[in-house]
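The values are calculated or read from the model by the stated rules, or taken from the named source; none is laboratory data. Because the structure is predicted, anything quoted here is derived from the model rather than measured. Because the Cβ atoms are built from the backbone with ideal geometry, glycine has one as well, and the counts that use them run over all protein chains shown. Note: accessible area is taken over every heavy atom of the protein model, side chains too, but ligands, DNA and RNA are not part of it. Shrake-Rupley method; radii C 1.70, N 1.55, O 1.52, S 1.80 Å.
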Amino acid sequence: MKLKEIERTAVQSWSPASHHPLYLATGTSAQQLDATFSTNAALEIYELDFSDPSLDVKLRGSLPATTRFHKLIWSNHGASSDGVIAAGGDTGTITLYSAEQILAAGNNPIIGQSEKHGGPVRGLDFNPFQNNLMASGASDSEIYIWDLNNFSTPMTPGVKSQPSEDISCVAWNRQVQHILASAHPSGRAVVWDLRKNEPIIKVSDHSSRMRCSGMAWNPEVATQLVLASEDDHMPVLQIWDLRFATSPLKVLENHTRGVLSISWCQADAELLLSSAKDNRILCWNPNNGEVVYELPTSSQWCFDVQWCPRNPAVLSAASFDGRISVYSVMGGSVEAQKQNHVNKISSSFNNLDPFGTGQTLPPLDIPQRAAQPTVVLPLKKPPKWIRRPVGASFAFGGKLITFANSKAAAPQIQQPVSQQVFVSVVTTETEFLCRSNELQTALRSEAFIHYCQSKINVAGTEFEKSIWNFLKVNFEQDPRAKYLNLLGYSKEGLEKKIIASLGNSTRLKNLEVEANDRTQKMTGVSSQSSSSEESIAAGDASTTDFFDNIPGEKPMFEIPVTGDTDGLISQALLIGNFEGAVELCLKDDHFADAIILAIAGGEELLAQTQNRYFAKRKTKISRLVSSVVTHNWRDIVESCNLDNWKEALAALLTYAKPEVFPSLCDTLGSRLEVENNGRLCMQACLCYICSGNIEKLVECWVKTHESSSPLALEDLVEKIMILQKAIELLQGTDKAAEGPVFAKKLTQYANLLAAQGNLEAAMSYLPSSSEQFAILQLRDRLFHAQGETMVGQQPPPFPFHRVLARRPQTAPSPAATPARRTPPQRTIQQPSQQPQVRQSAPTVFTPQPLPVAPPLATSAQGIPASTTNIKPGATHPTYPHHPITVAPPGFQDGWNDPPAVRAGQRKKMLPDNYTPPAPITTPVVNFSVDTQTARPQGFTSQETSQGPPGAPKEGNFQPLQQLPTEKVEKKPIPEEHMILKITFDGLVQRCLLAAADPQTKRKLDDATKRLDYLYDKLRDHSLSPHILSGLHEIVRNVEGRNYQQALAIHTHVVSSSNFSEISAFMPVLKVVVTIANKLNI
């Protein structure tokens, strides 16, 4: 793409790479005249501003010259930042100019001049290592080495080469500072060693005579250089390697006329410019001889091309039409340049009155055509300066992919440099992985008690110890008693406190013994004893017990029957009115008497009395006693002071039944989370551990603890996984319930493990019952990321919805596309005759255009027809896309006739005097006995009797298939491989639509049948993963119409697989892809 343009017939030189802004020096070219025949000469410096989209450049300095120039070079030598410009004149003069003085229009721009050469100086070059050294070459094989610090006395590299001839160019080696090369028009190049002051090698193509017009060293390989031939009979570029100097290493041939100039890019050795007399500027890749770019040039020769040293994507070309054009090899759009040109023309005629009428011209209304934007394409491959020298990318599973393009010396340019990509696993959380491995070990070995104890030993806070103690007792005997101990309620300790409070341990012990004895004795009381008195069961008591229990003399007592409360109570008891007696006792606050009487009155009265008692007696322990007596545990968890949460939890552990215990613990935990501004939220975790509610535990933990960092998340996962295992052991289940919050945290944990490269462990933590998309996607990635370790295991469900995309096809018109036969599906047995349809007159089926997918066969009325047996009496199908002649009524073929032809069948024309031959009377083997029963109504034995072939019959129908057939159903193709069948069948159909010759059509028809072998192998899962992956890769390239790559993959699969496994379908698949590539569909 052209960036700038200078209207000068001149030689050129770019400012050094370190110079900014970017300048281009031009000097009037020698032995060239413009249209004015001017003989003046000038040295000019232009500034190039690529931010301006126009082609204009800014002239920054100009200096008249007394001589015209063959060569210009620019070096950054000297104290001035702008450097020195050296010019070789046509009279043998070498002039040194100060670029700073020219830019500033100073009085002394010339800092040195020499006329040492006797002829035109066509070769000039600064040493890339010592910018004060300059080589020059002129006529009569003169070569001088100049030191800019002592310009008056040059040196020679050695004795003049013989025979004497002009020097067309000189060039310093880009790797070795004391090596210089010179080239002659005869095609001979001489390499000089300045340390020895002699030529060390001469390069010449003895097989042909070439006129050398340019020479350049390889910027990377020190022993390689390129020579350009100006001869129209040999317009080539010869690449020489001095280690094999007998013949060129490579010859680049693409120009049709002589090459005028060359330039090798210093930033990328794979870019070599050449301009020739065929008006072309080509950019080569010298490694393979490929032309990677061609510049859009004018119809004039370009005699000088140069790469820009500061911006390697930019080059300049000086042509004989008086222009120096600046191009970019990175492409772009020229719309801005076109618009700028239009604006410039419009501004030239703005508000003018060309006819003197006093009125401006109206705007010219020209209909605008919608033009496509003009885009210039860049190089075929990215140049070296925009390639990444190194690169790194993190991949799934903690993998780090790195590469480095090391600069290795290549002995042969055609040898490819091997590149290496390194795959490593990066671990950043070592402590996290260590603790995760410990947890994994504990879960596999089921050493939960030992694991919990180790966590208790390293716990940093009392709350952390409590958590792990609560988790630990889940794996011990009698966990409820252990929970009570952890809450501070020990039965042994409480008994000691009670004894200390009573102060008489002996009496307490006796009371306990008496209570136990009383209980044992009451179990032996006879139910048949008298209602008036009670006796001791003699059969169960010993003689000693009997005498010990003989009552002594009983005192007399009085039964009051007065009108006071005691008298009324006595009277109520005498008649069995327990309710009234209890009411009287409660009235006078005789609560003990009331409760004792209520026990005798039954459970209902006792419950009422207890409620009345608890309603009237309000003490510190009355609510607790009420809950214990009435078993109302929900009242404790919902109404107790939360400062007594331990006591409430202890009551639940002591009394609550297993079926209600979890819900009561959850209720208490919820109160601890919500009430009192969450002051006791952390203690709610203990309640959830007791209830086994993992979801609530996770929610509560996330509220009170940070869980986003790896170690904090590890803390949480350790607790919930141990609790999950405890629940599984207590409930006897394989997997505890998993809530959404629990699943989310486990997914985060699995992601962290995967990021550290522990894929197997990450897979084990993923929730198994969750249907969340993120979890399904992660499980699928983890499964496939493990590679060969998962071979033989069932893959997880594919998380994405499969969309079988196909390229839309436009069906051609029936007139333009001939009807083609759609290959039928293979069946076990085909019918022996064509079905015939009863019609009043012969008709011919008209074929319709083929759709994308093969349609089902349709009947004459448009009803879909089955591929299985067709019963007589039903409408028989016709075969699609083929003309079928239907026989007239009254004529049918005989049972012994050969099968009818599928397409183009002719009607049998019988003469009136036709005498049929004798009928065949041999019975049909395996004739179906159900034929008679299967005939439609109206069939008689005469209608089905066999006659001579072609004889007229009265029957209207012939049974289609008389032999029984077995219907075989094929297994479906797996869904993940269905894309293979759809793509290959669609490709065959598209080829059939585009093919014109019958031979290609026959190949495609055969391919359709042969591809069934592939589909059968897909149904049977008998193809190896290597072949399946190759087939899917072929499908991807077919869908992208990259048939060449598809054929390359096909070749790779065939060469690396067992041929007996693929011989049935791979050859025909290659035929189909080759046809598709040939037809360009």
Notebook entry, point to check: Among the residues of segment 1040-1055, is there at least one that is at pLDDT below 90, within 23 Å of residue 790 (Cβ to Cβ) and either in a loop (DSSP other than H, G, I, E, B) or touching a Leu at 6+ places or on another chain (Cβ under 6 Å) (or both)?
Noted result: no
Next item on the list: Could you please tell me which pairs satisfy a Cβ distance under 9 Å, a separation of 6+ or placement on different chains, a first residue in segment 1011-1025 that is loosely packed, with under 12 Cβ neighbours inside 10 Å, and a second residue that is not in a helix (DSSP H, G or I)?
Entry: 1020/971; 1021/974; 1025/791
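Restricting to helices (runs of 4 or more DSSP H) lying wholly in segment 624-674: which have 1 or more residues that are at pLDDT 85 or above? Spell out how you get there, then give the answer.
Working: elements: 633-639, 645-655, 661-674.
Those helices (runs of 4 or more DSSP H) span 645-655, 661-674.
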Checklist line | Every residue from segment 295-321 that is closer than 23 Å to residue 238 by Cα, at pLDDT below 90 and either open to solvent by less than 10 Å² (accessible area, probe 1.4 Å) or out of contact with any Ser or Thr (no Cβ under 9 Å at 6 or more places or on another chain) (or both) | finding: 295
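Answer yes or no: is there a residue in segment 1058-1068 that is open to solvent by 70 Å² or more (accessible area, probe 1.4 Å), within 28 Å of residue 999 (Cβ to Cβ), of a type in the set (Ser, Thr, Tyr) and part of a helix (DSSP H, G or I).
Going residue by residue through segment 1058-1068, those that are open to solvent by 70 Å² or more (accessible area, probe 1.4 Å) are 1058-1060.
Still in the list and also within 28 Å of residue 999 (Cβ to Cβ): 1059.
Filter once more, so that each one left must be of a type in the set (Ser, Thr, Tyr): none.
So far as segment 1058-1068 goes, no, none of its residues is open to solvent by 70 Å² or more (accessible area, probe 1.4 Å), within 28 Å of residue 999 (Cβ to Cβ), of a type in the set (Ser, Thr, Tyr) and part of a helix (DSSP H, G or I).
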Next item on the list: Residue by residue through segment 85-108, note down the ones that are in contact with a Pro (Cβ under 8 Å, 6 or more places away or on another chain) and either within 17 Å of residue 144 (Cα to Cα) or not in a helix (DSSP H, G or I) (or both).
Entry: 88, 89, 90, 91, 92, 97, 98
Item checked: Residue match in segment 157-168 (condition: hydrophobic (A, V, I, L, M, F, W, C) and buried (at least 20 other Cβ atoms within 10 Å of the Cβ)) -> yes
Margin query: Could you go through segment 5-24 and let me know if any residue there is surrounded by 21 or more Cβ atoms within 10 Å (Cβ to Cβ), aromatic (Phe, Trp, Tyr) and either within 21 Å of residue 301 (Cβ to Cβ) or touching a residue at least 12 places away in the same chain (Cβ under 8 Å) (or both).
Written below: yes
Notebook entry, point to check: Just checking, how many residues over segment 235-291 are under 16 Å from residue 315 (Cα atoms), among the charged types (D, E, K, R) and open to solvent by less than 10 Å² (accessible area, probe 1.4 Å)?
Noted result: 1
Item checked: Candidate set from segment 995-1007 (those that are open to solvent by less than 30 Å² (accessible area, probe 1.4 Å) and part of a helix (DSSP H, G or I)); member that is nearest to residue 1068 (Cα to Cα) -> 1007
Notebook entry, point to check: What pairs come up if the first residue lies in segment 719-732 and is under 11 Å from residue 474 (Cβ atoms), the second is surrounded by fewer than 14 Cβ atoms within 10 Å (Cβ to Cβ), and their beta carbons are under 8 Å apart, counting only those six or more places apart or on different chains?
Noted result: 725/446; 727/733; 728/734; 728/735
Next item on the list: Inspect all residues belonging to segment 312-319 and state whether any of them is in contact (Cβ under 8 Å) with a residue 40 or more places away in the chain, touching a helix residue (DSSP H, G or I) at 6+ places or on another chain (Cβ under 7 Å) and under 28 Å from residue 75 (Cα atoms).
Entry: yes
Checklist line | Residue check for residue 164: assigned to a strand (DSSP E or B) and either of a type in the set (D, E, K, R) or within 26 Å of residue 188 (Cβ to Cβ) (or both) | finding: no
Check: With respect to the numbered conditions (1) closer than 24 Å to residue 319 by Cα; (2) surrounded by fewer than 16 Cβ atoms within 10 Å (Cβ to Cβ); (3) small (Gly, Ala, Ser), which one is the sole condition not fulfilled by residue 41?
Finding: (2)
Check: Do we find that residue 1045 is surrounded by fewer than 17 Cβ atoms within 10 Å (Cβ to Cβ), farther than 14 Å from residue 984 by Cα, touching a helix residue (DSSP H, G or I) at 6+ places or on another chain (Cβ under 6 Å) and free of Cβ contacts under 8 Å to residues at least 40 places away in the same chain in this structure?
Finding: yes
Check: Which one is modelled with the lowest pLDDT, of the residues in segment 752-794 that are open to solvent by less than 60 Å² (accessible area, probe 1.4 Å) and part of a loop (DSSP other than H, G, I, E, B)?
Finding: 770
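Just checking, does segment 9-20 include any residue being over 23 Å from residue 90 (Cβ atoms), in a strand (DSSP E or B) and in contact with a Lys or Arg (Cβ under 7 Å, 6 or more places away or on another chain)?
First pass over segment 9-20, keeping only residues over 23 Å from residue 90 (Cβ atoms): 15-20.
Still in the list and also in a strand (DSSP E or B): none.
The answer is no; no qualifying residue exists.
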